[in-house]
Structure formats: C-alpha cells, structure tokens
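The values are calculated or read from the model by the stated rules, or taken from the named source; none is laboratory data. Since this is a predicted model, take the numbers as computed values, not measurements. Note that each Cβ is placed from the backbone with ideal geometry, even for glycine, and that neighbours are counted across all protein chains shown. Surface accessibility is based on the protein's heavy atoms, side chains included, excluding ligands, DNA and RNA. Shrake-Rupley method; radii C 1.70, N 1.55, O 1.52, S 1.80 Å.
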Amino acid sequence: MKIVLTGSRGFIGSTLMKLLPQHEIVEWDVKINKDIRHFELERDVDFCVHLAGLIDIRDSVNHPEKYWLQNVEYSKRVFYQCDTKKVPMVYASSAAAKVWNLSPYGTTKKVCEELAPRGAIGLRFETVFGEGSSDFGLYSRIKSGKLEYKTDHIRDFIHVDDIIDCLNMFINMRHYIYNLNSVYEVGTGIEHKVSDVVEHYGIDVPTVTTNTSYEVDRSVADITDISELGWSAKRSIYDD
C-alpha cells in the first residue's frame, strides 16, 4: 500500500513510521525539506495520514497568524488534493477543538474539521504522552525534571502507542472511511488530576492555580463512538 504521511519526523509520525515497513511511505516533513506548503499528491496513493502542524497552545496565543497559516492554509492544500483524487485520509485534530474559541490553536483545529472533505476523518487526540513527546508537554517536563509547578486540571492521557494503534485501525478500514463519522475523540476516557500524576512520579513542586484563558479545567475523551469501531486504549499514564 502507498501511504502519504505528513509530519513523518514528528513525535507521532516517527513512531508510526517504525510500524509501517510493509508499506511504501511518502514522507512530508520540514526536517527533510518537504514542507506541506508545497504539498503535491503523488499518483497511485492509497491513503493519507496528515499529522503535520503546530501544536503548542501557549505559543499560538502569541503567534496566531503562524498557526493559521500552518494548520489551516497548508492543510487546505492537503485536503483539496486528497478530495480531488479520492484518497481517503485521517488527520490530527485535537481535544482543543471542543472548546475552539479559547485559543488560536483550538480555532485552527476546529476550522480544519469544518473544511475537511468527505473521506477525511479528524481525530481529536487528548494529551499524548510517551518517549519522544514535545519538550513543552507535561510528560517530558516530568521526565526531564524541569517541571516547575503542578495544577489541579483534569486531563485524559493517551500513550503514543495507542495513538498508533488507532491510526493503523483507520488505515486498515480505508475502504469504509466514507461510511464513518467525520470526527472521533481519541483518549482513554479516564480522567486524571494533573497534580496526582505529578505526585505519582515523585516530583515535589508547588500546586498553583493558573488563570490562563486558553486552558480548560477538564478535558476527557468521550470514547463512545470510537469504541464502537473496536478500538480502545491499553496503556495508562501510570504504566510508563
């Protein structure tokens, strides 16, 4: 099978690459000088996994134009070509799309859900963790010892390996993509208080109350729809 993978050298993309040796992979990533601003869909492509994009909510507040350009305008190019050539696809949305009005990042993800053509499925990932996750994420800051404080926010932590299983499921269901929902929430469906997770890993930092307008108090996936497809997460934030 010939699969186009954008964001192939990112956290999720590079993990997925390791599990697709039996397929022909067409990579798109700025790290290999293939920016999706110049995206061109090759012939005879069977499926597209679109993961390229900017993901830092805090950074999006300070640089909204950059996030709109990367996450919306460049994604439109991917969407259009896959739609025109009838190539089914999945793309990375975010739990932030559920409360899209709180941040420029969330807004870009919600707009992509509205712009995505039929045959494109958006996956609203909750807080993804695992080896190789972004430096600014909670998990990486815990592992590196660079965490300065904890909060009482409620989050749903989903391991990157479970994300890969989910992506593989949709790749294998490519012939039925057009009969599925347009968006699925992806997580464990289990809520964890951030402060409890930090304490579990033995990190002694103060609890603070943040007043950032872009953060919701609780974000947990409703896994009803995706469970009906036969997928479920297998790992907990406490397993790692």
For the stretch 83-194, what is the accessible area per residue in Å² when the probe is 1.4 Å? 42
Looking at the chain only, what percent of DSSP beta bridges run antiparallel? Nearest 5 please. 5
Between the helical axis of 104-115 and the dominant principal axis of the chain, each derived from Cα atoms, what acute angle in degrees is found, rounded to the nearest 10? 30
Can you list residues from other chains, or at least 5 along the same chain, whose modelled amide H is less than 5 Å from the amide H of Phe125? Ser93, Ser94, Ala95, Val186
Reachable lysines from Lys2, Cα under 23 Å, same-chain residues fewer than 8 places away excluded? Lys18, Lys31, Lys34, Lys76, Lys85, Lys86
Show me the trypsin sites (Lys or Arg not before Pro) within the stretch 95-139 that DSSP assigns to loop and that have at most 13 other Cβ atoms within 10 Å of their Cβ. Arg118
How large is the dipole of the chain about the Cα centre if only Lys and Arg carry +1 and Asp and Glu carry -1, each at its Cβ, rounded to the nearest 20 debye? 640
Among [x] 32; [y] 40; [z] 36, only one was calculated for this model; which label is it, if the read-out is percent of Cα pairs over 27 Å apart? [x]
With each run of n ≥ 4 DSSP H residues scored as -39500 (n - 2.57), what mean residue ellipticity at 222 nm is computed for the chain after dividing by its residue count and rounding to the nearest 500 deg cm²/dmol? -8000 deg cm²/dmol
Could you derive backbone 3J(HN,Hα) for the stretch 134-146 from the dihedral phi with the Karplus parameters 6.51, -1.76 and 1.60 (θ = phi - 60°), listing whole Hz in sequence and x where the residue is Gly or Pro? 4, 4, 8, x, 4, 4, 5, 5, 5, 5, 8, x, 9
Using modelled amide H (1.01 Å from N, peptide plane; none on Pro or chain starts), what sits under 5 Å from the amide H of Val183, excluding residues fewer than 5 places away? Gly122
Sequence-separation-based contact order of the chain, relative, with Cα cut under 8 Å and 6+ spacing, percent: 18
Which distance in Å, rounded to a whole number, links the C-alpha centroids of the stretch 80-119 and the stretch 165-240? 18
Please list, in order along the stretch 46-62, the HN-Hα scalar couplings obtained from phi with the Karplus expression 6.51 cos²θ - 1.76 cosθ + 1.60 (θ = phi - 60°), rounded to whole Hz, x for Gly and Pro. 9, 7, 10, 10, 9, 10, 5, x, 8, 10, 8, 4, 4, 5, 5, 5, 8
